[in-house]
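Read-outs throughout are calculated quantities, based only on the coordinates presented, and are distinct from any laboratory measurement. Treat the numbers as computed from the prediction; the structure is a model and nothing was measured. Backbone-built Cβ (ideal geometry, glycine too); neighbour counts: all protein chains shown.
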Amino acid sequence: MGVTILTQFNTENRSGPQNIEILSKRILALGATQQGQFLVDCETYTSVPQLGHQRTVHVLHNSEQPATVFSLLETGAKTIPLATDGLFDLLMMKMSHFYTSKKQTKSESKGPRYEIGDFCVKLGTVTVSSNFKGVLVEVEYRPCVVPAMCWDLLKEFLQGFLGLSGPTTPPTYLQNRMQENYSPIDTIHQYLEHFTMFRKSPGIGMRP
Amino acid sequence: MSYSVNISVEATIENQIQEIQYDGTEIYQPPLTLSESLAKYAQKIDFSKTSEVDIKKEESSEDSKSDTDSKDAFQSSIWPWDSVRTKLRSSLQEICVLADVLAIAKEKRYLVLDPVQQEPLETKPMVQIYARKKALGGAANVLLAGAEKMKNSQTEAARNRTTLDFHIELLRLRQNWRLKKVSNTIIGDLSYRTTGSKYLQTGTFEVTKAEDEEKPSSPPSSPLPGGPIPSKPNSALRVSIPTELQGVAYIEVLCQKDQEDLCSVNLNLMGTAPPPSNPDMHWQQKLEAAQNVLFCKELFNQLAKEAVQLQAPIPHMVVGNQIMATVLPGIQLIIGLRHSTSGDKKQQTPPPSKSDHDHVLEHSLHQLLREVHHKNTHHPFPHPATGPLGPSKKRMLAGPLAADRHELLEMTKTQTLLEQIVQQAQHFIMRMRTEYVLDTIAKEVKDPLISSHWNTLNSPTHSCVKIHISTHGYDAVCRTPLIIHVGEKSLKCICRDGKVMNMSYEPQELRDLIFCHISQHQIVAVQALAKTMGWQALGNSNHLGTGAVEPLGNSSSCLLSSPTGDRIIAVRCEPQAGPQVSVAHSPRTDFFPSRLVTERKWEHLGGQFRDVRLDKMEGRNFLHKMELLMASLTSNS
């Protein structure tokens, strides 16, 4: 478990598979080995009007933590994160009378997973309700848990294979948590941030 | 009659007082009405008495009549049922009258039945309580006396009885074993299933009542090998155990080096000497033996299953009732199930093992299966109400703590019984080898003394020994501590300076390490001694680069100079050859000018070293000799 940086890769008028292909070529050239696939998915539930003030629950799964279900409850004022075991999915099904899921917002990011030394790189194709939206690159540096201590290293590594489109500043979510210990829920926060952006953006309309 | 005066007796006009109020006014009961008083008086008449009188009158008249014609009525008067007949007759009359009265009263035209107010009985609560108390006390006394009598007779009977009652025996059996009644037989269960065992073999036994006629005949008749064994004569119970659970079983653990035994352990649950399964054994011992057989079978079955499944670099072998596993190169662990049935007990009894028992290994193999049983029944708390039972506590927390894939994979790894016992055997061998090496070095090397302290507390796969290297008589001057952690397949030595040395299972490596430390100890000790003598240490090196190449390790050396600085001692210590000492004088006491050294002042630069023949010197050990040497060199100046 280390620090993870999630960044969007500009598509530059290329389709999703082309982007992934280019990136995997670059990362393989650096000496990485592919270690299976990964999948992060997100489903959003909203409370029914009878419950009063509307709240939103995002339920996310990360294949890196297969035994865990992450959920983020947005109450307007603040966001409450929760890491639970797999039974939480069943609980959400029981609560379908109070929290209804929006099918068209089901988003996921999946693709190949590479390991290169202490880094773990995941190239994800993002789809929102099975429409292609973009490419997300996740890089994890495993020996360190404090973002401030390895941000520069990560930035350099990202720029090494993303080129100029690599990030120059830490993700907004991490910016005021740079000195704290990084935990898997922080990765989930970053994914949710990106998923919400993709949902709001107009559909590119290209099938992956 | 004419003189008689009529006295009228009347009730007082005043009515009965019902209540006196607080202001003194009295409230009277309302006077009875005419009909009420009539009813009251009529109630006081005892009609039965009058009727009896009437009957008597009738009888007497009848008697007188019968007396007159006694002769002809003789037959009737002596009829035995006469009184009964008359009584029945009078009662019939009464019933008839009652029926008539009831019939008339039902009409309500001629007769009306009014409820009559009963005069309230005067009750005093305290009197009632005393009466009841007395009555209850009496009853209690009777009961207590009866109980006492019964108890006395019971104890008397128990004291006198020689053979135990079947039911008492059954009760005892029931207290320790699981029994149930199936139709007309009593079936017991001695398997470990209630404590978490998942072994398939059933351990049922049957309990029957011992027949009385068998008792006298049992000593002469030889017991049948397979049949039911007659119980002890004074036991009223007979326990029949299935043939596969009869006899004595134990698990034999042997560590073999090639073909020669390194250690042998006889494991059985009932102590070192299994009691012979003679037919007259008490049922408790018989059941315990059978349960032991079942346990050993389960243990062996489990081990054999694992031995077949495990993918070891050198595959485990299962032949018959023996499992062979390679522990360390050249050393095999042999686990065997020995089961001797009662019939051919004498022939199969193995000779008592040559080496003494290792109770630790004996205990741990036993413990491992118990642990498995315990885990099957005891699930870690807290259980979620909706979650599955069975996963470990760590696995339960994995979800909320967001464990990643690697951690989850680690959790799935479990050690089988065989792996654990192999590890313990490896550790056992490692410990034995380390002990042997340390003991032989301590025996061989006399000059620095080597003492080893084994920690009394250790785990089955890890133990620790502390070694002190010191010189006799100088242990306050210098001592070199070493700590050796003995693991399963490796040794870890923590040296005096904090260096950690990892060694393999080969005992030679430890031996070499100790010898290196002995030579270093000598050099350090000489310097410490020199300090107390006022000598100065000019320099030292633990790994000397000069001189002949050592077969093992490096030689170490030091240079010492006397307090006045005119004498120098050089000490060189090699792990194999031991210490060498040389002495140099500067300036020399005598000076002969030569062509090269023309003046005396050059002699201050230091002279030639001359070897000291230590073996010719006085002194108990090396340090003692060095002390004498330094003392003599100091006094000379």
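Relative contact order of the range A:40-105: 34 percent, from C-alpha pairs under 8 Å at least 6 residues apart in sequence. A protection proxy built from the mean count of other Cβ atoms within 10 Å ranks the segments A:50-61, B:554-565, most packed first, as B:554-565, A:50-61.
Each residue in B:252, A:140 was given a count of other beta-carbon atoms within 10 angstrom of its own, and listing them fewest first yields B:252, A:140.
With a 10 Å cut-off around each Cβ of A:60-70, the average count of Cβ atoms from other chains is 5. Taking 0.36 nm per residue of separation and subtracting the current Cα-Cα distance, fully stretching the chain between residue B:409 and residue B:44 would add 121.2 nm.
Pop the C-beta distance of residue B:20 and residue B:119 into the FRET formula with R0 = 22 Å and round what comes out to the nearest 0.05. So, using R0 = 22 Å, E works out to roughly 0.60. From the Cα gyration tensor of the range B:421-520, with a ≥ b ≥ c the square roots of its eigenvalues, which class applies: rounded if a/c is under 1.5, or else prolate if a/b is larger than b/c, or else oblate? It is prolate, given that a/c is not under 1.5 and a/b is the larger ratio.
At an R0 of 25 angstrom, the distance between the Cβ atoms of residue A:89 and residue B:378 translates into a FRET efficiency of 0.30.
Rounded to the nearest Hz, the phi-derived 3J(HN,Hα) couplings of the range B:168-178 under the Karplus curve 6.51 cos²θ - 1.76 cosθ + 1.60 (θ = phi - 60°) are 5, 4, 4, 5, 4, 4, 5, 5, 10, 10, 8, where x marks glycine and proline. Under a 5 Å amide H cut-off, with hydrogens placed 1.01 Å from N, residue B:192 pairs with nothing among residues at least 5 apart or on other chains. The listed peptides B:148-158, A:158-168, ordered by packing as a protection proxy, come out as A:158-168, B:148-158 (highest mean of other Cβ atoms within 10 Å first).
A simple spin-label model places the labels of residue B:611 and residue B:151 9.8 nm from each other, with each point 7 Å out along Cα-to-Cβ. In terms of surrounding Cβ atoms within a 10 Å radius of their Cβ, A:186, B:114 rank from fewest to most as B:114, A:186.
How high is the FRET efficiency from residue B:531 to residue B:257, r the C-beta distance, R0 45 Å, rounded to 0.05? Calculated value: 0.40.
Under 8 Å for C-alpha pairs, at least 6 residues apart: give me the relative contact order for the range B:524-636, rounded to a whole percent. With pairs under 8 Å counted, the relative contact order is 21 percent. Shown for A:191, A:173, A:45: other C-beta atoms within 10 Å of each C-beta, ranked fewest to most, produce the order A:173, A:45, A:191. Size of the range A:40-105 from its Cα atoms: along the principal axes, largest to smallest, the extents are 35, 24, 21 Å. Annotation: the antiparallel percentage among DSSP beta bridges lying fully within the range A:77-142 is about 100.
Which whole-angstrom value gives the distance between the alpha carbon centres of the range B:391-411 and the range B:488-511? Cα centres, the range B:391-411 to the range B:488-511: 35 Å.
Computed extension length for residue B:419-residue B:443: 5.1 nm, one decimal, from 0.36 nm per residue of separation with the Cα-Cα distance subtracted. Ranked by the mean number of other Cβ atoms within 10 Å of their residues, highest first, the peptides B:29-38, A:147-156, B:292-301, B:517-526 come out as B:517-526, B:292-301, A:147-156, B:29-38.
Per residue of B:88-96, other chain Cβ atoms within 10 Å of the residue Cβ number 0 on average. Amide H to amide H, with H built 1.01 Å from N, residue B:580 comes under 5 Å of B:572, B:573, B:574, counting only residues 5 or more places away or on other chains.
Pairs from the table (B:531/B:625; B:305/B:375; B:443/B:625; B:257/B:466) lying more than 25 angstrom apart at Cα are B:257/B:466.
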